[in-house]
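**Student:** Dropping the structure in here first, questions after.
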Amino acid sequence: MDCPNCKLPLNEAYRCATCNYDLNKANWVIIKKVYTPNEIIVESVLQSYGIPVRILSKEIPQMPVSIGPLAEVKIAVPESEAAAALNLLDDLTDFE
Ligand SMILES: [Zn+2]
């Protein structure tokens, strides 16, 4: 993952040694909902552009089995990266 400010790699604690950016304190926004396993593709696309990404699984505790392969997950990125991430994902239209 890269720092959204200076595009340098973040350290293992998700902090930037250069500008003190702290990814843990970033405002994460959900930019897209996809069905598994498409989040793997979305994640790899975003990460290949250095955009930090988190996958948020939708939790349905009362029906953990029946959701099966159609489990819906949410893609979240730091708010500062949301526009860039959405731009990249515009080309990936088959994941809705
Ligand atoms: Zn930085």
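FYI, it's all coordinate maths here, none of it is from the lab. Quick caveat: nothing in here was measured; it's all calculated off a predicted structure. A quick note on method: Cβ atoms are made from the backbone with ideal geometry, for glycine too, and the neighbour counts reach across all protein chains shown.
**Student:** Any idea what the alpha-carbon Rg over 2.2 N^0.38 Å comes to for the stretch 1-45?
**Tutor:** Details: Rg = 12.8 Å, N = 45, 2.2 N^0.38 = 9.3 Å.
The value comes to 1.37.
**Student:** Got a sec? How would GLU72, GLU43, GLU12 order by Cβ neighbour count within 10 Å, fewest to most?
**Tutor:** Going from least to most buried by this count: GLU12, GLU72, GLU43.
**Student:** Under the rule of at least 5 residues apart or a separate chain, name every residue whose amide H is placed under 5 Å from the amide H of LEU10.
**Tutor:** The answer is ASP2, CYS3.
**Student:** Now, a different point. Averaging sequence separations of C-alpha pairs under 8 Å and six or more residues apart, then dividing by the length of the stretch 1-45, give the relative contact order as a whole percent.
**Tutor:** Once divided by the residue count of the stretch 1-45, the mean separation gives 21 percent.
**Student:** How many nm is it between the label spots at LEU8 and VAL29, if each spot is 7 Å from the Cα in line with the beta carbon?
**Tutor:** Simple spin-label model gives 2.7 nm for this pair.
**Student:** Quick one: LYS74, LYS25, fewest Cβ neighbours within 10 Å first, how do they rank?
**Tutor:** Working: LYS74 16, LYS25 9.
Lowest count first: LYS25, LYS74.
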